[in-house]
Amino acid sequence: MKPTALLQNGMKKIIKNKKLLILLSCIVILLIAYIFCLPRKLFDVEYATVVNDRNEDLLGARIASDQQWRFPPADSVPDKYKQCLLAFEDHYFYWHWGVNPVAMGRALFQNIKNHKIVSGGSTITMQVIRLSRNKNRNIAEKIWESILATRLEFRYSKEKILILYASHAPFGGNIVGIEAASWRFFGHAAHQLSWSEASVLAILPNAPALLHLSKNRQALLEKRDRLLKKLKDNNTIDQITYELAIVEPLPSEPQPLPQNAPHLVNYFFKNKPGNQIHSTINKELQSEIEALLQRRNSELLLMDIRNMAAIVIDIQTNEIIAYCGNVNFNQQASGNQVDIITSERSTGSILKPFLFYLALQEGTLLPNTLIPDIPLNINGFMPKNFNLQYDGAVPASKAVARSLNVPMVWLLKQYSVPKFYDFLKNNGIMSLKQSPSHYGLSLILGGAEATLGEITNGYANMGRSLLGIENRHFMMEKGEKTKVMKTPFESAAVWQVFEAIKEVNRPEEIDWRNIPSMQSIAWKTGTSYGYRDAWAVGVNSKYAVGVWVGNASGEGKPELLGAKTAGPIMFDIFEHLPSAKWFPEPTSKLTPVEVCHQSGHLKGRFCEEIDTVKICARGTNTTPCPYHISVTLSLDEKYRVYENCIADNQTTTKTFFVLPPSWAWYYKQNHPNYKSLPPFLKGCGGDDEKSMQFVYPLNNSRIKIAKQMDGSKGKITFEVAHTRSNATLFWHINNQYTTSTTDFHTISINLSAGKHHISVTDDEGNTTGIAIEVWE
C-alpha cells in the first residue's frame with residue numbers, strides 16, 4: 001500500500017476514535033452532572049421547635065422563623081397515612097424509579113382530552129422534588145423534576161422519600177407536614193390518626209381548593225369517602241372499619257397546639273431552635289402540678305402575690321419530670337412570662353443546710369453541738385432572727401431546722417465565707433457571679449442570688465449521695481450528658497442534715513407533724529429580705545421538689561413567707577407523687593460515739609447525761625464538752641471555794657453546766673432549770689473569775705448610728721450579762737463615769753462618730769470592757 005493511502009487510513013481511524021472519545025467524554029460529563037445535580041441539602045427551610053414529653057407526647061411547640069408550622073422530619077411515616085397516601089397519590093410508588101411513564105402518559109392524554117390540566121401524573125418522588133425547589137411549574141421544570149426524581153431514588157430509600165414528603169407537604173395556611181397537620185386539625189399525634197383522619201390528610205396537599213376546611217366541605221367529604229371506599233375495595237380496611245370511618249365528621253378550624261410546660265418549651269426554643277426535643281417531662285404529672293399551682297395562685301392573688309414556680313426532679317434517674325416556670329403563661333401582665341426556674345432570686349435561708357453539711361463533714365461540730373444565739377455585730381453587720389428573740393445557745397441541728405439567722409451567721413464566720421462560696425460554685429450554684437468578699441456573711445441569709453433549678457438540684461444531689469448515685473446536674477432532655485459536680489456530697493454528713501430537717505417546727509410555722517398523710521421528707525423553707533421570695537425545697541428517696549412563690553417584679557408582700565406560701569404547695573406536690581421510703585442509713589460511714597446530752601459535744605470528764613450517737617469520722621476530733629465542770633462548794637452549797645481555802649471536811653463537789661455569761665443571759669430565759677454558779681466565799685477565790693460579759697455590742701464592733709423618725713441622731717444600746725442577778729455595775733465611757741445599773745444592765749447613750757472605749761466595773765471590783773467604732 002502506498003504511503004499516501006496509509007496516511008489517509010490512519011487519519012480516518014483517528015477521526016473515528018476522536019468522535020468516540022468525545023462521545024464518551026460527553027457521557028461521563030452527563031453522568032457526573034447527573035450524580036451532582038441533586039443538592040446535598042434537599043430542603044433548606046426552617047423548622048418549628050417541638051418539645052415532647054418522656055413518652056413522645058407533645059408538650060408544646062414554637063413556630064419556625066418563617067412563620068410556618070413545620071415540624072422537624074420524623075423517623076417514620078404513620079402506617080395509616082402511608083396507606084392512604086399511596087392509594088390516593090402513587091399506587092406504584094414501590095415499583096417505579098421516581099417517574100411513572102404510564103401515569104405520565106395517562107395524565108397527558110387526560111389533559112389533552114379535557115383541554116385543561118386535570119391530572120399531573122407526578123409521583124410522590126417528583127412531588128418531593130417540586131416541594132424542595134418551590135419553582136414556577138412549566139414543561140421544562142417538569143422535565144427537570146423528573147430527572148431529579150430519578151436521582152433522588154438513588155440517594156434515598158423509599159421510606160426516606162415518604163418521610164420527606166410527609167414532613168414538607170402543605171396542608172393549608174401556614175401548616176406544613178403531617179405531624180403539624182395532625183395536631184392542628186385533630187389535636188393529637190400523627191401515629192394516632194384514624195382511617196378517616198388519615199384519608200383527609202392524604203387528600204389535602206393535592207386539592208388546593210379544599211385547603212380551607214371551612215369551605216368546600218362537601219367536596220372534601222366526597223373525596224375522603226371515595227378514598228375510604230378504595231381502601232375497602234383493595235382490602236386495606238374491612239367493612240366495619242369503612243362504615244365507622246365514613247361517619248366521622250370532618251375537622252373544622254385548626255386547633256391550638258398543647259401548652260404544657262410553656263416555659264420549658266421557651267427554654268428549648270431559645271437554646272435549641274428548630275429541633276425536635278425529647279424531654280424528660282412526665283406530661284400527666286406536669287398537667288396535675290400546673291392545675292395545682294393555678295388553684296394556689298387564685299388564693300394568693302387575694303394577697304397580691306402573683307407568681308409561683310415548681311420543679312420536680314427524679315433523683316434516681318437525675319431527670320426533671322415536671323417543670324412549671326410560672327403560672328398564667330398566656331397572660332402578658334404580672335411577669336407571667338418570666339421563667340422563675342432559671343431566674344436569679346435572693347436565696348433567703350435556703351442555703352443553711354449546705355453550711356450545716358460542711359460543718360459536719362469537716363468536723364467543725366457535731367449535729368447537736370451548742371452554738372451561740374446572741375446579738376452579733378460584725379463590722380456593722382447585725383443579723384437578727386425572724387422572731388427578734390435570742391436563745392443564748394442552741395443545738396446546731398435546731399438552728400438549721402428553725403432557720404435561726406444569728407447562729408448560722410456565727411457558724412459561717414467560723415467556717416469561712418470563701419470556702420462556703422467555693423463549695424456552692426462547685427455544686428452548680430453558678431449564679432454567684434461576684435467575689436466572696438462581695439457577699440460576705442450575708443451569703444447565708446440571702447445576700448446572694450440563685451435559681452430555683454440550681455437550689456433544687458443541690459438538694460437532689462444530697463439525696464443522690466445517700467443512694468450512692470453520682471452527683472450531677474439534672475437532665476431536661478433524654479440522653480443528655482450533664483455536668484458532674486466537682487465537690488460531691490458525702491453520705492454520712494447528708495444523713496445527719498436530713499435527719500435534722502426531716503421534722504421542722506418553727507414557732508412561726510404550721511406544725512407539719514399534724515398532717516397525717518405527710519411522707520418522710522427532708523425539707524427547708526426560706527424567705528428573702530423584704531418578703532420578696534418564698535422558697536421551699538423537699539427531698540425523699542425518689543424525688544426532689546422545689547417551689548418558689550412571689551412576684552416576678554421583686555415586689556415584697558408581708559404575707560410572703562416560705563413556710564406559709566411555698567411550703568404548703570411543696571407538700572401538695574409530694575401528695576401527687578408516689579410515696580417513698582426514707583433513705584437507707586449509711587451505717588458503714590458513721591462512727592458511734594458518746595456525746596454530752598446537754599451540750600452536744602463529745603462526752604467530757606464531768607458530763608452526767610450521755611447519749612450514744614453516730615457521727616462523721618472527722619467529728620471524733622472535735623472538742624469534748626467544755627461546759628460541764630466540777631465545782632468545789634461549801635457544805636451548804638451557797639458558795640464556791642478553792643479546795644485549799646478551807647478544810648476538806650467542810651466542802652463538797654458538784655457538777656455544773658456553765659455557759660459563757662453572754663450565752664447564759666439569754667439561755668436561762670428559755671431554760672428555767674439552768675443554774676448559775678454560786679458566788680465565791682469572801683476571801684476564798686474569784687480573782688480570775690469571768691463574772692460578766694458584754695452581750696452587745698461585741699469588742700471591736702463598727703456601729704452605724706441610725707436616724708430617728710424626727711431626723712435626730714439615734715442612741716446606741718449597750719448590754720452586759722452578769723453571773724449574779726443582784727450585782728451593781730458602774731459604767732465608764734472613755735474613762736468618764738456615766739451611770740450605774742442594778743438587775744438589768746442595759747444603757748442607751750449618744751456617742752459621736754469615732755472610736756470609743758466602754759468599761760464596766762461591778763460592786764466586787766471585777767472589770768470588763770470593749771472598744772467600738774461609731775460612724776454615721
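Worth a mention:
- The order of SER435, SER199 by accessible area, most exposed first and with a 1.4 Å probe, is SER435, SER199.
- Filter on LYS283/LYS478; LYS713/LYS755; LYS352/LYS502; LYS398/LYS419; LYS614/LYS654 - keep pairs with C-alpha separation over 19 Å: LYS398/LYS419; LYS614/LYS654
- Length released on extending from SER416 to SER65, taking residue separation times 0.36 nm less the Cα-Cα span: 121.3 nm
- Along the chain, longest interval not containing exposed chymotrypsin sites (Phe, Trp or Tyr not before Pro), exposed being DSSP loop plus at most 11 other Cβ atoms within 10 Å: 96-743
- Near-label residues of the stretch 320-344 by backbone N, under 17 Å of a point 7 Å along Cα→Cβ of LYS433: 339-344
- Residues in the stretch 18-96 average 60 Å² of solvent-accessible surface per residue, probe 1.4 Å, ligands and nucleic acids excluded.
- Under the simplified labelling scheme, the ASN330-TRP95 pair shows an inter-label distance of 5.0 nm, with each label point 7 Å from Cα along Cα→Cβ.
- Extension gain, LYS564 to ASP57: 0.36 nm times the residue separation minus the Cα-Cα distance gives 179.0 nm.
- Charge sum, other residues only, whose C-beta stays under 15 Å from TRP144's C-beta, Lys/Arg counted +1 and Asp/Glu -1: +4
- Distance between the 7 Å Cα→Cβ label points at GLU776 and GLN259: 5.8 nm.
- Once the Cα-Cα distance is subtracted from the 0.36 nm per residue extended length, the LYS704 to LYS638 segment shows a gain of 19.4 nm.
- Computed with a 1.4 Å probe on the full set of protein chains, the accessible area for VAL484 sits at about 60 Å².
- Computed 3J(HN,Hα) for the stretch 56-72, one whole-Hz value per residue from the Karplus formula 6.51 cos²θ - 1.76 cosθ + 1.60 where θ = phi - 60°, is 6, 8, 5, 8, x, 8, 10, 4, 5, 5, 8, 6, 10, 7, 10, 6, x, glycine and proline marked x.
- Separation of the ASP233 and MET382 label points, Cα + 7 Å toward Cβ, nm: 9.5 nm
- Mean separation of Cα contacts under 8 Å (6+ apart) over length of the chain, as relative contact order %: 10 percent
- 1.4 Å probe accessible area per residue over the stretch 248-365, in Å²: 38 Å²
- Surface share of carbon and sulfur [accessible, 1.4 angstrom probe, percent] for the chain: 53 percent
- Only the Cβ atoms of Lys and Arg (+1) and of Asp and Glu (-1) were treated as charged; on that basis the dipole of the stretch 607-723 about its Cα centre amounts to roughly 800 debye.
- Between the stretch 55-86 and the stretch 450-498, the Cα center-to-center distance that results, in Å: 36 Å
- Only Lys, Arg (+1) and Asp, Glu (-1) charged, at Cβ; the stretch 298-437 dipole about Cα centre in debye: 400 debye
- Estimated purely from DSSP H runs of n ≥ 4, each contributing -39500 (n - 2.57), the mean residue ellipticity at 222 nm for the chain is -10000 deg cm²/dmol once divided by its residues.
- Net charge of Cβ neighbours under 15 Å - reference VAL484; Lys, Arg +1; Asp, Glu -1: +4
- 18 Å Cα-Cα reach of LYS564 towards aspartates and glutamates, excluding residues that sit fewer than 8 places from it in its own chain: GLU299, ASP304, GLU503, GLU508, GLU509, ASP511, ASP533, GLU555, ASP572, GLU575
- Across the stretch 368-452, the mean sequence separation of Cα contacts (distance under 8 Å, 6 or more residues apart), normalised by length, yields a relative contact order of 25 percent.
- As a length-normalised measure over Cα pairs under 8 Å and 6 or more apart, the relative contact order of the stretch 326-422 settles at 25 percent.
- Annotation: GLU344 carries an accessible surface of approximately 80 Å², with a 1.4 Å probe and no ligand, DNA or RNA atoms counted.
- Efficiency of FRET from Cβ geometry, GLN218 and SER76, R₀ 35 Å, rounded to 0.05: 0.55
- Note on the chain: dipole from Cβ charges, positive end direction compared against ALA396, PRO660, SER298; the farthest Cα belongs to SER298.
- Overall, the chain carries a charge dipole of about 4980 debye about its Cα centre when +1 sits on the Cβ of Lys and Arg and -1 on the Cβ of Asp and Glu, all other atoms neutral.
- For a straight C-alpha distance cut-off of 17 angstrom, the aspartates and glutamates reachable from LYS603 (same-chain residues fewer than eight places away being disregarded) are GLU594, ASP611.
- The simple Förster model, with R0 at 51 Å and r as the Cβ-Cβ distance, assigns ILE139 and GLU470 a FRET efficiency of 0.20.
- Exposure of ARG618 as accessible area (Å², to 10), given a probe of 1.4 Å and all protein chains: 130 Å²
- Nearby lysines by direct alpha-carbon distance to LYS230 (threshold 28 angstrom, same-chain neighbours under 8 apart not counted): LYS80, LYS82, LYS113, LYS116, LYS158, LYS160, LYS215
The values are calculated or read from the model by the stated rules, or taken from the named source; none is laboratory data. What you see is a predicted model, and the numbers here were worked out from it, not measured in a lab. When we count neighbours, we look across all protein chains shown, and the Cβ atoms used for this are built from the backbone with ideal geometry, even at glycine. Surface areas here come from the heavy atoms of the whole protein model, side chains and all, with no ligands, DNA or RNA. Shrake-Rupley method; radii C 1.70, N 1.55, O 1.52, S 1.80 Å.
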